[in-house]
Structures are given as C-alpha cells and as structure tokens.
Amino acid sequence: MGSEFLGMVNYWLSAILLLLGLHGMLMRRNLIKKLMAMNVMQVAVIMFFISLAMKTGGTAPIEQPGITEVDAYINPLPHALMLTAIVVGVSTTGVALALLIRIYRYYGTLEESELLERMQE
Amino acid sequence: MRTPFGSSILDAACRLPVPFIILFAVYVVIHGHHSPGGGFQGGAILAATLILIRMVRGEDDPWGLDRTRAAILASCGVGLYAGIGLLTLVFGGNYLDYSVLPLPLVPEKVRFMGTLGIEIGVALGVTGVLVLIFDALTAGETQESDDGK
Amino acid sequence: MTPFHTRQCLTWLMMLVVAGILFYADRQLPRMGDPRSPASTHVSPYYIEHSHHETGAPNFVTAVLADYRGYDTLGETTVIFTAGLACLLILGVELGRVSQGEE
Amino acid sequence: MSQHVPVLIVIIPLVAALFVPLIALRTMAWARALTFLALLGVVACSGAALTRALATGPLHYELGGWAPPWGIVYVLDPLSGGMALLIGIVAALVAVYTQPYLKSWSTSRAGIFLSLFLLLVTGLLGIVVTGDLFNLYVFLEISSLAGYALLASGSIHSAVATFRYLIVGTIAATFYLLGVGYLYALTGSLNMADVAIRLSDIGHSGAFAVAITFIVVGLSIKAALFPLHGWLPDAYTYAPAPVIGFISAVMAKVGAYALFRVLYFVLRPTEAASQVLTGLSWVAAIAILAGSLLAIAQRDVRRMLAYSSISQMGYIFLGLALGTPSALKGALLHVLNHAIMKGCLFLAAGGVQWRTGGYRLEDFIGMSRRMPLTMAAIVLAAISMIGLPPTAGFFSKWYLVQGAIEAHAWVFAAVFIASSLLNAVYFFRLIEWAYLRQPKPQPSLSSPPLYQELPMQMLLPIWVLATSVLLLGLFNQSVVNGIIQYAIQPEGS
C-alpha cells in the first residue's frame, strides 16, 4: 500500500495542480489572478512530464565516467521537452502581461466586473 | 523605464557583481554540455544583468542595451541558430545535421561544436528578447488611441 | 440564477469531470520511478547509450535538446522571439531612433 | 536541394521574419518585398513538395539526420502538402492586401506586424508538416503567440478579447500537451507513426481514453468547435481586417487538420478513437445548427461571419467524424473551400469597413453602387457559402451529404441541408441590405461619395479568391481526384 501510494502521488499532485489552475483561470474575477492560475496549470503539466522521467535509483542524466548502464541515469527526454515547455510558458506570460498593461493603461482596472462596466460606457 | 532609480549606493552595489554575473552566464552557456545549463539559462542570466544595469543606471547608459539593439541582438541570435541550419544544408546534410560542418575535428567534436554554436545563438536570442520584453513592459505611457494606431 | 452563477455551476461541473477522469486514469499509468515503464525503455535508452560518442556531450539533456531534438529548440527560440515582437506590437512600442526623443 | 523542400517550407518564412522588422526600419518597401518573396517561396516549395508527394509517395525528412523515433521527422504527404500550399497562397494574397492597410502605421510598427504575420505562417506550416507530437505543440504555440499579437493590434477592445482568447488558448495548448504526456507515458515515443504502431500493441485502457480526450478537447478549442467557441466571435470582431481575413481562413482549419492527423494517423487502430468520433459527430451537428442560428441573430456583419465560421467548422468536423470516404473527401474539400470563401468574405467586409468605418448591416446600405466590385465578390462567396451550384461550396456539401447517406446517418444529412437554408437566410439578408435598401437621405451630413472602389492591392486578393471560388467549383473533380483522393489514404502516414 505504501509503495502503491508513493508510485501514484506524482500523478495526483499534478492533477490537483491542474485543477487548481483550471479553477483559477475560469473562476477568478481578476485578470492578473487568471494569469497566475495559468502558470500554475502549466507547472502541473511540467511536473507530470518530469515525474515520468524518474527512475528509482537513477541519478542526474549526465554521464559519469565508468557508469554506462541505462538504469543508472533517469530519462533525459522529458527534461529536454520541459525546458522547451518552460520557455513557451515564459513567452506566453510575457505576452499576457503586455496585454494586461495595455488594458490597465486604458481602463485603469483589471477587475473583470469593473472592466465590463467601463467597456459598456 | 525612463527614470532609473539609481543612487550612488545602488550604483556601487551593482558595479561589483555585474562582471561576475556576466562571467557566470558565459560559463553556464559554455559548460552546458557537461553540467546543467545551456543557452536559455545562460541567456536569462545575461539578460538579468542587463536589466539590472538598466534599472540602476537608466536606458542611456552605454552598458545597457537599448531596445533597438536588443531587437538586433535577438534577431541575430535566432538568425545564428537558423543560419547554422542553413549552413548544414549548404554542405549537403539535412537541416541541423551538424556532422557535415567542415571543421577539422573528429566527427563527435564537430557535432559538439555545432551544438555549442546553436546554444550561443539561443543565449543571444534569449538575452535580446528578455531585455526587449522588459523594455516594452516598462516603457513609459504610450499614447493610447481607441483604434490602436 | 444570474449568468455568473450559471457559469460558476458549469465550471464546477466541468472541473468535477476533469478531476474524475484524471484520478480514474492515473491508476493505469506506470508507477513513478519504475525503470521498466514504456517512457524509460522505448526511446530514451538510446540517448543514454549513444549520445556521448555520437554528439560529444556528456550531458544527455543537452544532447537531446540541442542535437537529437534540436529542431524543437529552434521552435522554442522562435517562440520567445515571437513573444518579444508581440509585446512591442501590443504595447505600441517603437523600434529605432525615432522614439528615443532626446537623441 | 530539392530533397530539402519539406524543411524549406518552414524555414523560409522564419528566416524572413527575423530580418523584416530590422529592414523595415531602413526601407519599408524592401521589408514588404521580402515578406512577399518569402511567401512566394513557401508557395513554390509547397507546390514542388505536393507534386513530388503525388508522384512518388510521401516525403519523409529527418531533421538533424536522426532517424525517427529518436529525432524529429517531417512528413509531407498529399494532405499536408495541400494544406501547406493553401496556407502559402492565402498568406501571399493577404500580404498584398495589408499594404494599403499598413500605410497609416509607422514603419517600425508595420515591420513588426509583417514579421509577426510571417511567424504566424511559420507556425501554421510547422503544424502542418510535422510528424512529431511535441514538435506540433511548439509550432502550435508559435502560431498562437503570433496570432494573439496580431489580433490585439486593433482597438482597445481587441486587447480584452485577445486576453480571453489567450487564457482559453493556453488551456487548449496545456490540455494538448497533457494528452501528449499521457501518450508518452503509455508508449514512450513522440513520433506519430511510432506511437500509432505501439498503441496497437497496447490496446485500449482508461489512460489512453483520457489521452485522446485531452488532445481532442485541446485541439477542438483551437479549432473553435461549438461549445468551446467562446473566444472566437469577440476576437474576430475587433481585430484588423487583414489579420482576420487570414486567421479566419486558415488558423481554425489548421486546428481541425491537426485533429484529423492525430485521430486518423495516430489513434486510428483503437476502439476508443471511434467512440470519440461518434461523440464528435453529434457535437459537430449541434455546432452547425447553433452556429447558423447565432449568425442569424447578429446585426454586425463581422460577428455574423464569425458565427458562420463556427457553423462551417462544424461541417468539417462532422465530415471527419463520419469517416466514410465521401464524407472525408467532403470535409477536406470544405477545408479548402471554406478557407477561400471565408477569406474572401472577411477581406471584402474589411474593405467596406476600411471605407465606411463600420461593420453593421446599416453600413452596407448602398454599397452595391459605391463599391460594386467588392460587393460582387461578397455575393459570389455568399452564394458559395449557401451552397448553390456551380460554386465550390455546393460540391463540398454534396460530398458531405453523400457521406452522411453512406453512413446511414439520415439525421446528419438533414442537418447539412437545414443549415444550408439557414445560411441562405443570413447571407440573403446581407445581400438585400447592400443591394435593395435605399440609403436614407442625410441632409445634415455630407453625403458619401457615389463611387469609391477599394485600391488595387486590396481588390486584387479579394477577386483572386472570388474567382477561385468559381474555378474550384467548376474543376472540383480534378482537385478531388488529383489530391484529396490520395490525402485520405491512411497509408500515407
């Protein structure tokens, strides 16, 4: 049971993070909070991939002299993929911040309800 | 960021670590083949240095990177990457097949150098773009007209 | 029921569904740390076994990132370049000497 | 050099995009010329690739010289070649169209705009030709980010609408990535062909169904399928006309294309995929009707066209979900037709807005005399949208209905026909306002000029698209038998 739990906990954690992010993105009324929730959601996927790379007893994927067997190193592929995904996340955040700054400069608010009111005028 | 919030204390405090941070950024890029690190990480550290200088000493400081130069740096960085790919095409390999590059080295070292080249490209590109994004986000109030022109 | 409440209910419903399928499916995924999982046995052993003498880089992650899947990294660099230009366009920031003002 | 065509399709606009903003600072004309040349290069390369793929079978291009599944591979079969050609042609036409539009912008801004446009094209082409699931995600993000920036370059309303799109679009991309993660956990591979082979050994499990669900939901959001379409109308309403002309014509189609590729070429052999397809067909049928009904309710022409796009995406999805040969032919032909019709409509409507400043039906009064050529193009494209022969729209609907009958899905056949009637309602209303209503006399204001056609650079792309609506209708047999026939064979993967 204990090892069963430990083998699954990564999936549960990433599922919980994903749901937290999704909840924040859809339900928060403040645009900055939506953006933060978006980052939480991306982190959930990053964590999911990274936990796939894990091998019990494996070490960091950098070749050490004399050790050649495959199981001694964890899987490098998800790490490489997630470096790319992190950069994508950074870029998306940058663009979203630019949009928010433009909105804030014009309307003076980032609360969705106030924003809707001011857009009606 | 039009107005730097520098003072003589901040100025002195930033002058000391900046060369070391730059050195560390170069180390992270170059040593990325042997240890954790690589183009993006090194570029981000380098960009942090430049942004630190910008914040403390303002946009016009010769150390800082103004936004046009940052854009040129970004283009050149990505261009270096894509250009190495085009070079490999010219020398008859597939796109980004570094092994065909005409370097006087053993085959695996040729690939090593090719990846080093693209890591440097990534680092330059990331530096330029991060400075550019910082600059765009902190640029003073641009006149906002309703049609966005 | 204001539209906001309707949206709230719908969102909660959707999240319950997502939560359900996530927790249901997770039981069928390989256990964490299992060295016999498909992810660790199909493609990735090749990188660990061959990357040092094929690419000269002892760091497998760098070898995968910059060489085996180097094209993804070109895409990644393009993404961030796009983001830089996007910020400029969205905020209406100008390049070139014109916008420098005092110069 | 000719074996490198698949990668050149993507690299040419990418490299051009790097230098356009810098060149624009010096000479705007050169930047424009470079943009146009790059897009012509795309058209030439994808044309060459398509011919080769038709003659000798699909081209596989190993990036970096690494064989799949260890490296990334580009796959150019007739389907992706055809899509790339379509994207290239529409992009080149829109690049011509942007020229008068950008005249009032500063050179730096116009250069950045053109560069982002090229990056958007790069991203879409990358999605189309890639044979790797993660590479598809990277290019999806390139196209999304460039798309956000272009959409937000309009009025301040566009920034708010785009932020919503960004949130939803990121959910979509994250879902897709999570689905790919599940597939990777199950198969250990990211190459599409390899995943397909390994999935057939694994069979169906719950985790696999979840992977499909996440991928389908993610890509359906990108393709604006009905209950997930919320981002589209606002984003389309406030953005600059050339952007919308391109994005409406191509971007959602690329989402549909990616879904088609994943469902048919990766997940094909499995039980769960067919269940997803059945569900998808009902969703798509609702999308067709709901999109049409919502379109009728709009008085703003651009919103009307946006909802009509949602309905038309439903056609494509329903055709894909039915899966019979005729339905697939119809769906792919409709991808082509709708790209051209909707591109033409949005560009022409954008032209009207450029002259009158508005998109409401009222702004179209008297347009038949003021801009006769533009309105004629709108009429032609509208007839095709309704699906009257001999225009292109008729034939794709014909194949779709035939496909529904083949599958004994009488409900769906009825849906196709009913929605044609609904299309007729809102397009004839537009035509009535433009042709039959008399402008109210306006004593106080200076009356608008009687004849004021668009400049040549805007009229030319509109009419090239309008003519191809007719030509595609007349020569649809050769398109179907020459390209689409080969595109739907799954052996091409």
**Message:** Which residue is nearest to the chain's Cα centre (by Cα), if the candidates are limited to the stretch A:55-71 and must be more than 7 Å from chain C (Cβ to nearest Cβ) and either of a type in the set (A, V, I, L, M) or more than 24 Å from residue D:185 (Cβ to Cβ) (or both)?
**Reply:** A:60
**Message:** Based on this model, can you work out whether residue D:272 counts as under 26 Å from residue D:487 (Cα atoms) and in a helix (DSSP H, G or I)?
**Reply:** yes
**Prompt:** So which residues in the stretch D:75-109 are at pLDDT below 90, of a type in the set (D, E, K, R) and surrounded by fewer than 24 Cβ atoms within 10 Å (Cβ to Cβ)?
**Reply:** D:103
**Item:** Neighbours by Cβ (under 9 Å, 6+ apart or cross-chain): first from the stretch C:5-16, charged (D, E, K, R); second surrounded by 11 or more Cβ atoms within 10 Å (Cβ to Cβ) and modelled with pLDDT of 80 or more
**Value:** C:7/A:26; C:7/A:27
**Item:** Residue count for the stretch B:7-28, restricted to those that are crowded, with 22+ Cβ neighbours inside 10 Å and closer than 15 Å to residue B:128 by Cα
**Value:** 1
**Prompt:** Has the stretch B:78-86 got at least one residue that is in contact with a helix residue (DSSP H, G or I) (Cβ under 9 Å, 6 or more places away or on another chain), free of Cβ contacts under 8 Å to residues at least 60 places away in the same chain, of a type in the set (A, V, I, L, M, F, W, C) and more than 9 Å from every other protein chain (Cβ to nearest Cβ)?
**Reply:** yes
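If you go through the stretch B:90-107 one residue at a time, do you hit one that is assigned to a helix (DSSP H, G or I), within 28 Å of residue C:82 (Cβ to Cβ) and either more than 8 Å from chain C (Cβ to nearest Cβ) or in contact (Cβ under 8 Å) with a residue 60 or more places away in the chain (or both)? First the steps, then the outcome.
Restricting attention to the stretch B:90-107, the residues satisfying the condition of being assigned to a helix (DSSP H, G or I) are B:90, B:98-100, B:107.
If we keep only those that are within 28 Å of residue C:82 (Cβ to Cβ) too, we end up with B:90, B:98.
Okay, now just the ones that are also either more than 8 Å from chain C (Cβ to nearest Cβ) or in contact (Cβ under 8 Å) with a residue 60 or more places away in the chain (or both), so B:90.
Checked the stretch B:90-107: at least one residue is assigned to a helix (DSSP H, G or I), within 28 Å of residue C:82 (Cβ to Cβ) and either more than 8 Å from chain C (Cβ to nearest Cβ) or in contact (Cβ under 8 Å) with a residue 60 or more places away in the chain (or both).
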**Request:** Considering only the stretch A:17-50, state which residues are over 12 Å from the mean Cα position of the chain (by Cα), at the interface with chain C (Cβ under 10 Å from one of its Cβ atoms) and not basic (Lys, Arg).
**Result:** A:23, A:25, A:26, A:27
**Cβ pairs under 7 Å, 6+ apart, first in the stretch D:353-377 and over 18 Å from residue D:341 (Cα atoms) and assigned by TED's automatic domain parsing to the domain that holds residue D:429, second among the basic types (Lys, Arg) and surrounded by 21 or more Cβ atoms within 10 Å (Cβ to Cβ)** = D:359/D:302
**Entirely in the stretch C:19-103, the helices (runs of 4 or more DSSP H) that have 3 or more residues that are of a type in the set (Val, Ile, Thr)** = C:70-91
**Prompt:** residue C:33: more than 9 Å from chain D (Cβ to nearest Cβ), crowded, with 16+ Cβ neighbours inside 10 Å and under 16 Å from residue A:48 (Cα atoms), yes or no?
**Reply:** yes
**Asked** Here is a list of conditions, (1) away from chain B (no Cβ under 14 Å); (2) of a type outside the set (A, V, I, L, M); (3) in a helix (DSSP H, G or I); (4) surrounded by fewer than 24 Cβ atoms within 10 Å (Cβ to Cβ), and residue D:117 meets all of them except one; can you say which number that is?
**Response** (4)
**Prompt:** Restricting the search to the stretch D:1-37, which residues are under 19 Å from residue D:90 (Cβ atoms) and not in a helix (DSSP H, G or I)?
**Reply:** none
**Message:** Yes or no: the stretch D:300-319 includes at least one residue that is more than 21 Å from the chain's Cα centre (by Cα) and either in the same structural domain as residue D:407 (by TED's automatic domain parsing) or more than 23 Å from residue D:136 (Cβ to Cβ) (or both).
**Reply:** yes
**Message:** From the list D:57, D:111, exactly one residue is farther than 18 Å from residue D:335 by Cβ and at the interface with another protein chain (Cβ under 9 Å from one of its Cβ atoms). Which is it?
**Reply:** D:111
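Inside the stretch D:312-327, can you point out the residues that are of a type outside the set (Phe, Trp, Tyr), in contact (Cβ under 8 Å) with a residue 60 or more places away in the chain and either buried (at least 24 other Cβ atoms within 10 Å of the Cβ) or not in a helix (DSSP H, G or I) (or both)?
D:312, D:313, D:314, D:316, D:318, D:319, D:320, D:322, D:323, D:324, D:327, listed by residue number.
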**Request:** Being outside any helix (DSSP H, G or I) and either within 15 Å of residue D:167 (Cα to Cα) or within 17 Å of the chain's Cα centre (by Cα) (or both) is the filter here, so list the residues in the stretch A:86-118 that pass it.
**Result:** A:110
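Matching residues to (1) more than 8 Å from chain C (Cβ to nearest Cβ); (2) closer than 30 Å to residue D:159 by Cβ; (3) among the polar types (S, T, N, Q); (4) buried (at least 19 other Cβ atoms within 10 Å of the Cβ):
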position	(1), (2), (3), (4)
A:52	no, no, no, yes
A:77	no, no, no, yes
A:80	no, no, no, yes
A:87	no, yes, no, yes
A:96	yes, yes, no, yes
A:110	yes, yes, no, yes
**Message:** Within the stretch D:400-408, does at least one residue satisfy the condition of being at positive phi and surrounded by fewer than 24 Cβ atoms within 10 Å (Cβ to Cβ)?
**Reply:** yes
**Message:** Just to be sure I understand, how many residues within the stretch D:46-74 are within 20 Å of the chain's Cα centre (by Cα) and buried (at least 18 other Cβ atoms within 10 Å of the Cβ)?
**Reply:** 2
**Message:** Being β-branched (Val, Ile, Thr) and crowded, with 17+ Cβ neighbours inside 10 Å is the filter here; which residues of the stretch A:14-42 pass it?
**Reply:** A:40
**Item:** Residue match in the stretch D:148-158 (condition: without any contact (Cβ under 8 Å) to a residue 60 or more places away in the chain and under 15 Å from the mean Cα position of the chain (by Cα))
**Value:** no
**Request:** Within the stretch B:46-79, track down each residue that is over 19 Å from residue B:137 (Cα atoms) and surrounded by 19 or more Cβ atoms within 10 Å (Cβ to Cβ).
**Result:** B:75, B:77, B:78, B:79
**Request:** Could you please find all residues in the stretch D:222-231 being part of a helix (DSSP H, G or I) and either crowded, with 24+ Cβ neighbours inside 10 Å or on the phi > 0 side of the Ramachandran plot (or both)?
**Result:** D:222
**Request:** Give me the pairs, please: first residue somewhere in the stretch C:21-33 and at negative phi, second residue anywhere and in a loop (DSSP other than H, G, I, E, B), beta-carbon distance under 9 Å, and either six or more positions apart or on two chains.
**Result:** C:25/D:205; C:28/D:205; C:29/C:37; C:30/C:36; C:30/C:37; C:31/C:37; C:32/A:54; C:32/A:56
**Prompt:** Of the residues in the stretch D:54-82, how many are polar (S, T, N, Q) and closer than 25 Å to residue D:184 by Cα?
**Reply:** 1
**Asked** Which of the residues belonging to the stretch D:196-208 are touching a residue at least 60 places away in the same chain (Cβ under 8 Å) and farther than 17 Å from residue A:52 by Cα?
**Response** D:196, D:199, D:200, D:203, D:204
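The values are calculated or read from the model by the stated rules, or taken from the named source; none is laboratory data. Source: prediction; values computed, not measured. Glycine gets a Cβ as well: all are built from the backbone with ideal geometry, and neighbour counts include every protein chain shown.
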